[in-house]
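Novice: Right, I'll just put the structure down here and ask away after.
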Amino acid sequence: MTNLFNYIPRSSIVHRLTGATKLAALLLLTFASMTSFDTRLLGGMVIFAFAMFGVSKIKLKEVAPVLWFTFVFMVLNNLLIYAFSPEEGVAIYGSRTVICHLFGRYYITWEQLFYQLNVVLKYLVMIPLVLLFVSTTNPSEFAASLNKIGVSYRIGYAVSIALR
């Protein structure tokens, strides 16, 4: 059976963490990956995210449809970034090293390729972390842990229902 955004029970270190801990880690890592263009940091976070995915004992085939959808979205996003802003990397990094001219205003530059690499790394950080959070967090336990940190019972219950 394919699980799309469902809790997948396993016995792992990641499963044993509280829902609030997983949410805090997800939010912290999301903020760090989305605000940084440091490729070294993003690369380290990708390694960490995939390591945590491996530790969780969630099999890739269990989340394959979500991974394929996300891959297609990532490719489409990168193509549209280039189509609408082919010089974004040049603007961010402040230099321009042309590899080749395609047509019109479309040049392939090292800066744009580097920027697009960072966008891909951001996806590679977020995809496993979000899948981990959803796949390893029991909705009832998550609602209870939200209540423990001061979130209203009604909000926790609504979140629990939404995750189911």
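The values are calculated or read from the model by the stated rules, or taken from the named source; none is laboratory data. This one's a predicted model, so the numbers in the text were calculated from it and none came from an experiment. For the accessible areas, the whole protein counts, side chains as well, though only heavy atoms, and no ligand, DNA or RNA atoms are used. Shrake-Rupley method; radii C 1.70, N 1.55, O 1.52, S 1.80 Å.
Novice: Output the 0 to 90 degree angle, nearest 10, between the alpha-carbon long axis of helix 110-136 and the longest principal axis computed from the alpha carbons of the chain.
Specialist: The angle comes out at about 10 degrees.
Novice: What do you get when you divide the Cα radius of gyration of the stretch 119-160 by 2.2 N^0.38 Å, with N the number of residues? List each step's numbers first, then the result.
Specialist: Working: Rg = 13.2 Å, N = 42, 2.2 N^0.38 = 9.1 Å.
The stretch 119-160 yields a ratio of 1.45.
Novice: Enter the mean projected area of the convex hull around the alpha-carbon atoms of the stretch 17-72, in nm², rounded to one decimal.
Specialist: For the stretch 17-72, the mean projected area of the Cα convex hull comes to 4.7 nm².
Novice: I would also like to ask the following. Give the span of the stretch 87-164's Cα atoms along each principal axis, as three whole-Å numbers ordered largest to smallest.
Specialist: Sorted from largest, the Cα extents of the stretch 87-164 read 57, 22, 18 Å.
Novice: Kirkwood Rh and Cα-based Rg: tell me the resulting Rg over Rh for the chain, rounded to two decimals.
Specialist: Answer for the chain: 1.07.
Novice: How many angstrom separate the Cα center of the stretch 3-32 from the Cα center of the stretch 84-127?
Specialist: 32 Å
Novice: In degrees from 0 to 90, rounded to the nearest 10, what is the angle of the helix 153-163 Cα long axis to the longest principal axis of the chain?
Specialist: 60 degrees
Novice: Whole percent per 10 Å bin, from 0 to the bin with the longest distance: what is P(r) over all C-alpha pairs of the stretch 26-123?
Specialist: 14, 37, 32, 14, 3
Novice: Ok, one more. For the chain, what is the mean residue ellipticity at 222 nm derived from helices alone (per DSSP H run of n ≥ 4: -39500 (n - 2.57); sum divided by total residues; nearest 500 deg cm²/dmol)? Please report the intermediate quantities before stating the final value.
Specialist: Values: 8 runs with 113 residues, N = 164.
So the calculated ellipticity at 222 nm is -22500 deg cm²/dmol.
Novice: Something else about it: Mind checking the angle between helix 19-35 and the chain's longest principal axis? C-alpha axes, 0 to 90 degrees, to the nearest 10.
Specialist: With both axes taken from Cα atoms, the answer is about 10 degrees.
Novice: Once you have the Kirkwood Rh of the stretch 50-89 from its Cα pairs, apply Stokes-Einstein at 10 °C and 1.306 mPa s and quote D in µm²/s.
Specialist: Stokes-Einstein gives a translational diffusion coefficient of 131 µm²/s.
Novice: How much accessible area per residue does the stretch 40-116 have, counting only protein heavy atoms and a probe of 1.4 Å, in square angstrom?
Specialist: Value returned for the stretch 40-116: 63 Å² of accessible area per residue.
Novice: With the full set of protein chains in place, find how many percent of the accessible area of the chain is carbon and sulfur; take the probe as 1.4 Å. Write out the running numbers ahead of the final one.
Specialist: Values: 7080 of 9720 Å².
On the chain, the fraction of accessible area on carbon and sulfur atoms equals 73 percent.
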